[in-house]
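Below is one structure, written out as structure tokens; comments come after it.
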Amino acid sequence: MSFYLLPEIKYYPGNALRDRLVIKSFPVIHILLLLLFLLPAPGRFGTTAALAGTSPAKERQVEKDTDGDGKINQIAVFDIRGNIKRLAIDSNKDGLMDCFQYYKNGRVIRIERDTDFDGQIDCLDYFTAGKRRRQERINNAKKIYRIVLFDEKERPSLIKKDTSGSGYFDTLYYFTGGGLTSSTRDTDENGKVNVWQKYTDDKPVEQKTDNDEDGKMESIVLYDREGFPEKSRHDLDRDGKMECFRFYRKGELAKQQKDTNLDGLMDSVTIFQDSQPVEQKTDSNLDGKFDTFTTFEKGIPLTRNRDTNYDGKLDYFSKFDPAGHVVEIKEDTRHCGRIDRLRFFETGMPVRVQYDADGDEFLETVTYLKNQKMYLQTRDDNHDGNPDINIFFNAKEERQRVESDTDFDGKTDTWQFYQSNRITRQEQDENKDGRVDLKVFYKKGEKEKLVKDSNHDGYFEITEWFNNPEWSMVMEQDVNRDGKAESRFFYRDGVLRLKEIDENGDNRPDLREHYNKAGRLLKSEEDDGNVNRLNIVWFFNEAEEPVRAEKDTNNDGRTDTWFFYDKGRLTAVEEDTNRDDRPDIWEKYDEAEALTRREKDLDFDGKPDVVDQ
């Protein structure tokens, strides 16, 4: 740091008649001309009326064009004894005086200058006994922003600066023998110093900073012999311990190291060139091993590679554009040595993600995004380069529609529709004729009904219901297309347990079959003779062969005839003719199902009275 002292005019005591005046900032010819002012001679200077407020009898004013350009550039005012009182100088030849020197007893006492020639005085020098002792600099707001105090030898002893323009002198420079030794700053202007700096040979050697003024330094900077920063320590988290270390080359930052957990091992190392980072390695999990590596170009990240699972192998690779926005990320999310996810960005915003969801080394799933939200996801299950499934999302990233090509022929054959991220309907074209022949309806995300056109004639003759609490599914068939189901099949846990057939279309079953948990036929009920009642019941063995049948021949709701079978062959029949729920006729049949014996209980005592062979 250099300090430029501005004492343009300096007096040295001479004899009583004349004092020598030295003007350091003007050419020698100006000095000679000024001496002529001090020793006026007739005909060499024009004498004019005194300046306003002065009496011509007591003062006289002398104007001079020292460079012969026809413009007055110096005006001197002398008292009646010929002693100079004021001197005005136009140093930049703009026709306006910009330097005003005031004298007392032949010695300068104050100099006022307009150093930037804007018509406003901005520098004042004060002299005592011909020696400058104080200088003030004034800003455009007409406030003093710098004060310089000088010692007996006119060397600076103290400089005060108002660096913020607030009127408070926040920075002080201390000198010894004219040499800068130390400085302090009060950056928050609360009356407490929080920056200290030491100097040797006018060059900084050390700077300490306590930003939060807690008595603990947040920054210590050491400088080399040339006054450039050489190394520094920093307490970035203000816990009272230095965890950041910086190293400089000719004043420019060359390397930065951080030990955030204070274990003696560096968690981050950054290399700089031209004060901008070019390379960085970081130990993000503080295990003593670097797992993140970043390169920079012009101070902006260019690439960043990471070991996300800390196994010593890189599995995350990213690239950035010249503005520092990420453009691409490659990831090995399964940590198996293969890239299974690619993410692409535009101006830092994600636009596409490719993912290998099934781990077969093919990125079959692609997600498209806009404003960081999904609007489309595709899947190529047969790896032919063409999506087989398209999933469309709404503004809330909820599924709206799914289109699928289930047989990979390049044509969509299945459509799913969603509301509030729950499926409401599914449609399929099973025979690829371009017409939907299967529809599934959902309620609250649960399958409720299915309709199907099994013969592809355009009429949905099969309906399956899934909302019956007793059955997992009930299937209805309307083969004759009259809007009435001719058959119903009842399933529990995917197994047929009940079947009903309406053969005459009267909305009443003419046949009802019952099945066990294994789907084996146990019992069958029939309407024998179109009596509008299931008047005969068949019972079956494990081979689904009839073993017994019961019939209500007179439709009074009571069984009156019993049939018996062996391996599907009729062997016996029993009848109750008097409605006492006991048989009174017994018939036997041979292997050809021919009647061979008939017994009858005439008095209904339960014993046969008549036997016919």
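The values are calculated or read from the model by the stated rules, or taken from the named source; none is laboratory data. No experiment lies behind these values; they were computed from the predicted model shown. Cβ coordinates were reconstructed from backbone atoms using ideal geometry, including for glycine residues, and neighbour counts include every protein chain displayed. With ligands, DNA and RNA removed, areas are computed over all heavy atoms of the protein, side chains included. Shrake-Rupley method; radii C 1.70, N 1.55, O 1.52, S 1.80 Å.
Here are the numbers for the structure shown:
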quantity	calculated
Hits in segment 489-510 - residues which are in contact with a Leu (Cβ under 8 Å, 6 or more places away or on another chain) and open to solvent by 60 Å² or more (accessible area, probe 1.4 Å)	503
Index of the failed condition, residue 588 passing every other in (1) farther than 19 Å from residue 556 by Cα; (2) touching an Asp or Glu at 6+ places or on another chain (Cβ under 8 Å)	(2)
Within segment 144-171, tally of residues that are farther than 15 Å from residue 128 by Cβ, open to solvent by 40 Å² or more (accessible area, probe 1.4 Å) and not in a loop (DSSP other than H, G, I, E, B)	4
The listed residue being of a type in the set (D, E, K, R) and on the phi > 0 side of the Ramachandran plot, out of 287, 283, 274, 311	274
Test: residue 360 is within 23 Å of residue 378 (Cα to Cα) and out of contact with any strand residue (DSSP E or B) (no Cβ under 8 Å at 6 or more places or on another chain)	yes
Criterion: over 22 Å from residue 515 (Cβ atoms), part of a loop (DSSP other than H, G, I, E, B), of a type outside the set (Lys, Arg) and at pLDDT 95 or above - qualifying residue of 440, 436	436
Search result, residues across segment 549-600 that are basic (Lys, Arg) and out of contact with any strand residue (DSSP E or B) (no Cβ under 7 Å at 6 or more places or on another chain)	558, 567, 569, 579, 582
Entirely in segment 224-316, the strands (runs of 3 or more DSSP E) that have 1 or more residues that are more than 29 Å from the chain's Cα centre (by Cα), free of Cβ contacts under 8 Å to residues at least 60 places away in the same chain and buried (at least 16 other Cβ atoms within 10 Å of the Cβ)	229-234, 244-249, 252-258
Checking residue 386 against (1) within 20 Å of residue 416 (Cβ to Cβ); (2) in a loop (DSSP other than H, G, I, E, B); (3) open to solvent by less than 70 Å² (accessible area, probe 1.4 Å), the condition it does not meet	(3)
Index of the failed condition, residue 35 passing every other in (1) in contact with a strand residue (DSSP E or B) (Cβ under 7 Å, 6 or more places away or on another chain); (2) at pLDDT below 50	(1)
Filter result (closer than 16 Å to residue 207 by Cβ, charged (D, E, K, R) and in contact with a His (Cβ under 9 Å, 6 or more places away or on another chain)) within segment 230-279	246
Elements of type strands (runs of 3 or more DSSP E) contained in segment 475-522, each with 2 or more residues being of a type in the set (A, V, I, L, M) and modelled with pLDDT of 95 or more	495-501
The listed residue being open to solvent by less than 60 Å² (accessible area, probe 1.4 Å), assigned to a strand (DSSP E or B) and at negative phi, out of 376, 363	376
All positions within segment 541-550 that are open to solvent by 40 Å² or more (accessible area, probe 1.4 Å) and part of a strand (DSSP E or B)	547, 548, 550
Single condition residue 427 does not satisfy, out of (1) in a loop (DSSP other than H, G, I, E, B); (2) without any contact (Cβ under 8 Å) to a residue 24 or more places away in the chain	(1)
Filter result (open to solvent by less than 60 Å² (accessible area, probe 1.4 Å), free of Cβ contacts under 8 Å to residues at least 60 places away in the same chain and part of a strand (DSSP E or B)) within segment 110-135	112, 124
Test for residue 205: is it more than 36 Å from the chain's Cα centre (by Cα), of a type in the set (A, V, I, L, M) and at negative phi	yes
Tally of residues being surrounded by 17 or more Cβ atoms within 10 Å (Cβ to Cβ) and in a loop (DSSP other than H, G, I, E, B) across segment 560-598	4
Output for segment 512-534, where each listed residue is touching a residue at least 12 places away in the same chain (Cβ under 8 Å), out of contact with any strand residue (DSSP E or B) (no Cβ under 6 Å at 6 or more places or on another chain) and over 25 Å from residue 494 (Cβ atoms)	527, 530, 531, 532, 533
Any hit, segment 466-474, residues being free of Cβ contacts under 8 Å to residues at least 40 places away in the same chain, surrounded by 12 or more Cβ atoms within 10 Å (Cβ to Cβ), of a type in the set (Gly, Ala, Ser) and out of contact with any helix residue (DSSP H, G or I) (no Cβ under 8 Å at 6 or more places or on another chain)	yes
Some residue of segment 166-177 being out of contact with any His (no Cβ under 7 Å at 6 or more places or on another chain), at pLDDT below 95 and more than 22 Å from residue 202 (Cβ to Cβ)	yes
